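Input: a single structure, listed below in structure tokens.
Laboratory data are not the source of any read-out in this text; all were calculated from the coordinates shown. Just so it is clear, the model here is predicted, and its values are computed rather than measured. Because the Cβ atoms are built from the backbone with ideal geometry, glycine has one as well, and the counts that use them run over all protein chains shown.
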Amino acid sequence: MDRRRYLQSIGTVGVAATAGCLGTVPGLGTGRTVLEEPEIDLSAASHPSHGDDVPDVTLPDPLLGEEVSTTQFEGERAFLMTFIYTNCPDGMCPALTLRLRRAQAVAAEEGYSDESAFLATTFDPERDTADVLREFGVQQGVDLDAGNWHFLRPESYEAGQDLMEEEFGLVIEKAPADNYEDLEYAFPHYNLILLVNKQGVVERAYPNGATVDVERVVEDFETVVTA
Amino acid sequence: MRRRELLAGVGSAAALGAGGAVALGVFPSVETDPSGDGGSDQRGQPDPIAVETIDAPGSEAGEVRIPGAEPTFIDFFGTWCPPCIEQMPALAAANERVGDDVLFISVTTENVGGSVTKAEVVEWWETHGGNWTLGIDPTAELAARYAPPGYPAAFAIEPSGAVAWSDAGVKTADELVAGIEQATE
């Protein structure tokens, strides 16, 4: 059932992407990436995709009490990056987190933890304090002591909003959460996961990151880390 | 001339945006799929996953394989999850009713051994009246395959590996039994 819907949604994106990328030159990323071009060309999407440099951003990791930059891993670690908020009412943020957490567990089993990093950026810093993020991490089964997991938290909602839109092409806006009694506001958002190689180049963008096959993300990541 | 090209480009980008919105729109339906025939388009026969079971009321330390020779019912839970506590009495009643023809198992997807200990899981189990097989999935291998959309989440799985029924949220014993029967018939 998942698969059929998944294919449907891919079909939609595929049509749109074809319309959007006429005139672009395919294959520009050759030599900078481990993975081949994706089956679906996402180069016209607003977010980074195959062959793009990862946006250079620096954000506080409130659990470790340090700043983390997307470029500090160059030459050392490949990473998966996603964007969440812990009040997420529809299960999509736990679903995104599960994919990173599973990749973290496989990295530990296969011995490449020290060549990996996992970045989960909240765009709801007002509610997602350090304590809230830690609790969410524990609930989701993340190994917070592995030294490769970073929850990132912009200084303010506005700072996060600007960063998300300008650097990652993701428009974030508070929306009334009328369907959920216990929530004042929610964020309709893109379920994006980015896979970035050790040279800081995007290998894969999964715009359907909450529903994409977990093992596909894990296998792609392993291929890139161990290349 | 240039201007027209630029505008055409903008139009294409807008089309992409619309495509993205449609894709987003289908996501929630994944977790509320009512068709009950979800297993029909699974790809081939999946390799069984070995799940560690622990010593607790109704449960022995060891290992089970999912899918197994018999239909499997999985309750994904976490000890941090209040609705999972609420779910326990209906699980107990459903377990009584479906009998021995089904592997009936609750599995926590927490990082057991890391953020929580086995002893804490067992204590939770005892407190809330668990008396059937209790499994742990510390590396999320099982969770990765079935991708519970929330907690608790229920999956009824045929011996072939096909998911006959799944649903998230707290359910009644009747709903659980009806779901499990989809995998046994």
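A compact table of results
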| quantity | calculated |
| --- | --- |
| In Hz, Karplus ³J(HN,Hα) per residue of region A:199-215 (6.51, -1.76, 1.60; θ = phi - 60°; x = Gly, Pro) | 9, x, 10, 5, 8, 8, 10, 10, x, 9, x, 7, 10, 4, 3, 4, 5 |
| Pair B:Asn131, A:Thr129: separation of 7 Å Cα→Cβ label points (nm) | 4.2 nm |
| Shape parameters for region B:33-184, alpha-carbon atoms, Rg then Dmax in Å | 14.0, 40 |
| Alpha-carbon centroids, region A:77-117 and region A:137-160: separation in whole Å | 10 Å |
| Karplus-derived 3J(HN,Hα), 6.51/-1.76/1.60, for each residue of region B:94-100, Hz, glycine and proline x | 5, 4, 4, 6, 7, x, 8 |
| Exposure proxy order (Cβ contacts within 10 Å, fewest to most) of A:Cys88, A:Cys93 | A:Cys88, A:Cys93 |
| Amide hydrogen neighbours beyond the local backbone of B:Ile49, cut-off 5 Å, H modeled | B:Ile66 |
| Per-pair calculated FRET efficiency, R0 = 45 Å: A:Glu109 and A:Glu166 via Cβ, rounded to 0.05 | 0.75 |
| Using θ = phi - 60° and Karplus 6.51 cos²θ - 1.76 cosθ + 1.60, couplings along region B:59-73 (whole Hz; Gly, Pro as x) | 9, 10, 5, x, 8, 10, 10, 10, x, x, 5, 9, x, 10, 10 |
| Ranked packing of A:44-51, B:173-180, most packed first, by mean Cβ within 10 Å | A:44-51, B:173-180 |
| Principal semi-axes in Å for region B:46-119 [√(5λ), Cα gyration tensor, largest first] | 20, 18, 11 |
| Most to least packed among A:110-120, A:76-86 [average Cβ atoms within 10 Å] | A:76-86, A:110-120 |
| Relative intensity, log₁₀ I(q)/I(0), of chain A from a Debye sum that treats every alpha carbon as a point, q = 0.07, 0.08 Å⁻¹ | -0.21, -0.27 |
| Chain A - mean residue ellipticity at 222 nm from DSSP helices (-39,500 (n - 2.57) per run, n ≥ 4, rounded to 500) | -10500 deg cm²/dmol |
| A:Phe83 long-range amide H proximity, modeled H, under 5 Å | A:Thr121, A:Leu192 |
